[in-house]
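Each remark here refers to the structure printed beneath this line.
The values are calculated or read from the model by the stated rules, or taken from the named source; none is laboratory data. Fair warning: this is a prediction, and the values are worked out from it, not measured in the lab. Ideal geometry is used to build each Cβ from the backbone, glycine not excepted, and the neighbour counts take in all protein chains shown. We work out accessible area using only protein heavy atoms, side chains counted, and drop any ligands, DNA or RNA first. Shrake-Rupley method; radii C 1.70, N 1.55, O 1.52, S 1.80 Å.
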Amino acid sequence: MTKRNTPELARLTPLEQLRAGRLPYRLVQLFIGLTLFGVAMAGFVRSGVGLAPWDVLHYGVMLHTGLSLGTVVIIFGFIVLLLWIPLRQMPGLGTIANVLWLGIAADFALAVIPQAEGLPAQIALFAASLLVNGLGGGLYIGSQLGPGPRDGLMTGLHARTGISLRLARTGVEVLVLAIGWFLGGIVGFGTIIYALAIGPLTQFFLRYSIVGLPQKAPADPVQEEAPRL
């Protein structure tokens, strides 16, 4: 039996990402993934059982500013992107699209997804949002057009300081979760489930979502865990 060749994520500079081939297809996949990710973000909010760590912060800031959740997501995307400068990280097209489109998709989805009433409906909406989140993340990452701003911050810290990627991720997410909880962000059992499940779930979908590139590029042999946006 012939072994199926699975495409791998490649190490590409922002310019190489644009020149690597199949760009129209990858752009469509990128925006489908980001849209699904935004829809999932809104679903978590409407479920009321807990948000992802970064979204706990976004929601808490929203409560104190009167801005929409999507607007807060966009603002924080740009703030995090500024933190890339001392880390000498270069954003790709997908990074910029993440900053701008994710918040727009989340606000649109919040306008159409009703609040879940009762625990069974809350759990069902949370579970569906978790699956959509994992699929959106797999599609977005698999388009190979650059990491999200929050992921780039963590990988940048890893590259510049030498600390492990897991430690960088854990440290940053615990910090933003604590600040978001203090501001009134939604923290619940869903937050714990998200933290435990989203990595393996995104990795599963990523396996089938990586766009094979016709241009030869060095593959990334190390994938400690599936990135998040």
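See the values below:
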read-out	value
Filter result for A40 (open to solvent by less than 20 Å² (accessible area, probe 1.4 Å), touching a Ser or Thr at 6+ places or on another chain (Cβ under 7 Å) and of a type outside the set (D, E))	yes
Any hit, the range 162-183, residues being out of contact with any Asp or Glu (no Cβ under 9 Å at 6 or more places or on another chain), of a type in the set (F, W, Y) and more than 16 Å from W54 (Cα to Cα)	no
Subset of the range 143-158 (residues that are in a helix (DSSP H, G or I) and out of contact with any Phe, Trp or Tyr (no Cβ under 8 Å at 6 or more places or on another chain))	D151, M154, T155, L157, H158
Q89, sole failed condition from (1) part of a helix (DSSP H, G or I); (2) open to solvent by 10 Å² or more (accessible area, probe 1.4 Å)	(1)
Residue match in the range 159-169 (condition: farther than 29 Å from L23 by Cα, open to solvent by 20 Å² or more (accessible area, probe 1.4 Å), touching a Leu at 6+ places or on another chain (Cβ under 7 Å) and not in a loop (DSSP other than H, G, I, E, B))	yes
Inter-residue pairs, beta-carbon under 7 Å, first at pLDDT 95 or above and in the range 66-86, second open to solvent by less than 80 Å² (accessible area, probe 1.4 Å) and of a type in the set (D, E), 6+ apart	S68/D107; L69/D107; G70/D107
Boolean, R160 is basic (K, R) and closer than 28 Å to I32 by Cα	no
Filtered residue count, the range 134-180, keeping only those that are of a type outside the set (A, V, I, L, M, F, W, C), more than 16 Å from the chain's Cα centre (by Cα) and farther than 21 Å from F78 by Cβ	5
Filter result for A106 (open to solvent by less than 50 Å² (accessible area, probe 1.4 Å), at pLDDT 95 or above and closer than 30 Å to A10 by Cα)	yes
Residue count for the range 1-19, restricted to those that are outside any helix (DSSP H, G or I) and either under 12 Å from G94 (Cβ atoms) or modelled with pLDDT of 90 or more (or both)	1
Residues being part of a helix (DSSP H, G or I) and either touching a Leu at 6+ places or on another chain (Cβ under 7 Å) or of a type in the set (A, V, I, L, M, F, W, C) (or both) - total across the range 43-75	21
Number of the condition not met by R26 [criteria: (1) over 19 Å from S143 (Cβ atoms); (2) open to solvent by less than 10 Å² (accessible area, probe 1.4 Å); (3) part of a helix (DSSP H, G or I); (4) not hydrophobic (A, V, I, L, M, F, W, C)]	(1)
